[in-house]
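Below: the structure, in structure tokens.
Computed from the coordinates by the stated procedures, all read-outs in this text should not be read as laboratory data. Source: prediction; values computed, not measured. Quick reminder, even Gly has a Cβ in these numbers, built from the backbone with ideal geometry, and neighbours come from all protein chains shown.
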């Protein structure tokens, strides 16, 4: 429980106020000096945004479904992790709000390889000197050490899947470059 609290950058006092459980009781629960009751676990699970099974680290039941926990980002976008194992290729669904076509992209780099597949909307991918527009059903793959940026266009929000892996773990699908305005 302490790991959850620290990960969310919450103090014992803040958690006590939110759950109605005293700070001394919360401290003893985190230290393992006291066993939690169901009446304590329910508000703690709500405060942390996790299920009771996750809170008490229950053993897996063999259910293959991935429990989607949306991660809201400060810019209005949402990330949904689609895989739950550590290491290897990780799958995510990104939902980006309507973009500004005149906004200057903030290109980033990091170790790994990325594969993106557009589900709905129009995805703008700036990849090095290439400015690409991907429509539903189109995909792109690239080495993430190349400066890159994803965004929605002014046409509306966009939803896309992304597989991100270590160098060498990649899919093999390519998209055509963005078409400029008609001349």
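Want the number for residue 161 to residue 6: 0.36 nm per residue separation, take away the alpha-carbon distance, what's left?
On the way: separation 155, 0.36 × 155 = 55.80 nm, distance 2.97 nm.
The residue 161-residue 6 span can extend by a further 52.8 nm.
For residue 46 paired with residue 71, estimate the spin-label separation in nm (one decimal), with each label point 7 Å from Cα along the Cα-to-Cβ line.
2.6
Suppose we keep just the alpha-carbon trace of the stretch 2-55; what are its Rg and Dmax in angstrom?
9.9, 24
If I histogram all Cα-Cα distances within the stretch 119-158 using bins 5 Å wide from 0, what percent of pairs lands in each bin?
Histogramming the stretch 119-158 at 5 Å steps yields 6, 24, 34, 22, 12, 2 percent.
Residue 89 to residue 53: extension gain in nm, 0.36 nm per residue of separation minus the Cα-Cα distance?
Working: separation 36, 0.36 × 36 = 12.96 nm, distance 2.54 nm.
Full-extension gain reported as 10.4 nm.
According to a simple spin-label model (label point 7 Å from Cα along Cα-to-Cβ), what is the distance in nm between residue 106 and residue 141?
3.0
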